[in-house]
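Participant: What follows is a structure written as structure tokens; I'll ask about it next.
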Amino acid sequence: MKIKSIKLAKAPTTEEDARRIFHKIEAFAGYGFNKSHATAYSIISFWTAYIRVHYPAEYFAASLSIVGEDKLNGLVRDARECGIELLPPDINLSKDKFTIQDNKSILSPFNAVKGVSEATAQAIMALREQHGDLEIVRYKRNEEKTPVYGYSYEKPPKGRFDSFFEFEQAAQMKGSKVNSKVVDALNRVGAFASIEPNQPSARHFDRRKDQMELMSGLIIDAVKADRQTDMKDGHVRARLISLAQDYKSCEDCSLRGSPHPQMRFGKTAKFVVVNDCPSWDEEKQDRLVEGDGAKFMKAAIKDANLSPSDGYFTTLVKARKQDKFLTNEQLNGCKKFLDKEIELIKPSVIVALGSASIKRFVPNIKGSTADLVGKSFYDPKLDATIVCGINPVQCVFEPSKIKSLTETFEQVAEILS
């Protein structure tokens, strides 16, 4: 900005004074807008902090209703630290927004379940409000003569469902806007547990796999491990040794001819650890779990009251990278070997250490892989919990990250307990 002309407003202001004052105004304008925003944000932050302290249930219910999926996990953890638990949907209590059940619990909405839209959630609420006693109105013309149910209009709607059967029949009525896939998804996450005494409770750990799959970001408790592989099994060992020979002679990428260190395992495989690629020390020794990075990893495993002999250790890419980043050619070339290892071992827990490994097992990443460190995800296709962590080699250069690595394996220990 330049001054085109100056017209003195009042004597004794000189042209020099006018220029000096204008330059001060011009300099302030570069930050004046931000100052006004800072004031507004400060006030809003104060209001928000006050509500969080004095009305925590209201604060978290409102926040969960407006944030993106990538922020849900952190909010649920914060709520738990404040003594507030997030509950799965309940067919008679939930709505299309997060709602407060009491000062210690928040109910998830129907549309927090995968495949249930906001419109469908509102349709379920309408069905509930209109629901009354059912009666047989006709029979289908089939061999079983299946009864078709309708409402008895002699009595007023009761506004609730007393059994899964009642909801199922209501959903099958013309114009319900609730299909069978929605009914199945709600049943899997425990929405009918409160009205079906023979079902496990909505928070039973047997439901956790389905809830982690269908309620993305809202379930922070990991799925408990339910199997481990006996690595003394001759068939499994023979297949893995043959697989190692295959990848050592592989020529599918630019790393062909480089050393491809041997995977490491003990008597059992309670968990599988997948690093991005071998380190320099592992390349030199021609086997994994060697060198300074491995020392930190083994120490973290022991600090979590686990044993390295209970792990199976492998890498995403089987040879040490030559540049700063692994290439798509290298990742794709080694993919079949890791897929085969997982198919043979069938792990309940996979520990992904490093950004490339995290991307392999949690492909739909929103944001940086660093944001996923310390978090776990259930993969229904692999029937395994993926625990994300840092590359152990980082601890060599940044000792402060040892704590993060230990916490990763503490999560593994909790899943295995």
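Participant: Under a 1.4 Å probe, what is the accessible area of region 315-403 per residue, stated in Å²? Before the final figure, lay out each step's value.
Facilitator: Values: 4370 Å² over 89 residues.
Per-residue accessible area for region 315-403 comes out at 49 Å².
Participant: Output the relative contact order of region 330-387, whole-number percent, from Cα pairs under 8 angstrom with separation of 6+ residues.
Facilitator: 37 percent.
Participant: Consider the candidate values [x] 35.9; [y] 21.5; [z] 31.9; state which one is mean projected area of the Cα convex hull in nm² computed from the structure displayed.
Facilitator: It is the value labelled [x].
Participant: Within the set of other residues whose C-beta is less than 10 Å from the C-beta of D221, count the net charge using Lys and Arg as +1 and Asp and Glu as -1. Write down the numbers at each step before the final one.
Facilitator: Numbers: positive: R80, R203, R208, K224; negative: E414.
Computed value for this residue: +3.
Participant: Which pairs, out of K318/K359; K270/K298; K232/K298; K209/K346; K295/K321; K295/K318, put more than 18 Å between their alpha-carbon atoms?
Facilitator: Checking Cα-Cα distances, K232/K298; K295/K321; K295/K318 exceed 18 Å.
Participant: Is the C-alpha gyration tensor of region 173-270 telling us rounded, prolate or oblate? Criteria: a/c under 1.5 is rounded; beyond that, a/b larger than b/c is prolate, otherwise oblate. Don't skip to the end; give the middle numbers.
Facilitator: On the way: a/c = 3.69, a/b = 2.31, b/c = 1.60.
Note, shape of region 173-270 comes out prolate.
Participant: Using a probe of 1.4 angstrom, how much of the accessible area of region 70-122 is carbon and sulfur, in percent?
Facilitator: Working: 1150 of 2430 Å².
On region 70-122, the fraction of accessible area on carbon and sulfur atoms equals 47 percent.
Participant: Can you pull the percent of region 359-417's accessible area that's carbon plus sulfur, 1.4 Å probe, other chains left in place?
Facilitator: Values: 1620 of 3050 Å².
About 53 percent, which is the carbon plus sulfur part of the accessible surface.
Participant: Another one. Once you order the gyration tensor axes a ≥ b ≥ c over the Cα atoms, which shape class does region 231-341 get: rounded for a/c under 1.5, otherwise prolate or oblate by comparing a/b with b/c?
Facilitator: It is oblate, given that a/c is not under 1.5 and a/b is not larger than b/c.
Participant: Tell me the label-point distance for the pair T268, D292, using the 7 Å Cα-to-Cβ offset, in nm and rounded to one decimal.
Facilitator: Going by the 7 Å Cα→Cβ label model, 3.5 nm.
Participant: What does the accessible area per residue of region 69-214 come to in Å², with a 1.4 Å probe and no ligands, DNA or RNA counted?
Facilitator: So region 69-214 comes to 57 Å² accessible per residue, rounded to a whole number.
Participant: What is the packing order of peptides 287-295, 78-86, taking the mean over residues of other C-beta atoms within 10 Å and listing the highest first?
Facilitator: For the peptides 287-295, 78-86, the packing ranking is 287-295, 78-86.
Participant: If you roll a 1.4 Å probe over region 211-288 with all protein chains in place, what percent of the accessible area is carbon or sulfur?
Facilitator: 42
Participant: Between R77 and D230, what is the label-point separation in nm under the 7 Å Cα-to-beta-carbon projection?
Facilitator: In this crude spin-label approximation the distance works out to 3.8 nm.
Participant: Give the ranking of Y139, Y247 by solvent-accessible surface, highest area first, calculated with a 1.4 Å probe.
Facilitator: Final ranking, largest accessible area leading: Y139, Y247.
The values are calculated or read from the model by the stated rules, or taken from the named source; none is laboratory data. Everything quoted here is computed from the prediction, not taken from an experiment. Note: ideal-geometry Cβ built from the backbone for every residue, glycine included; neighbour counts use all protein chains shown. Areas reflect the complete protein model, heavy atoms only, side chains present, ligands, DNA and RNA absent. Shrake-Rupley method; radii C 1.70, N 1.55, O 1.52, S 1.80 Å.
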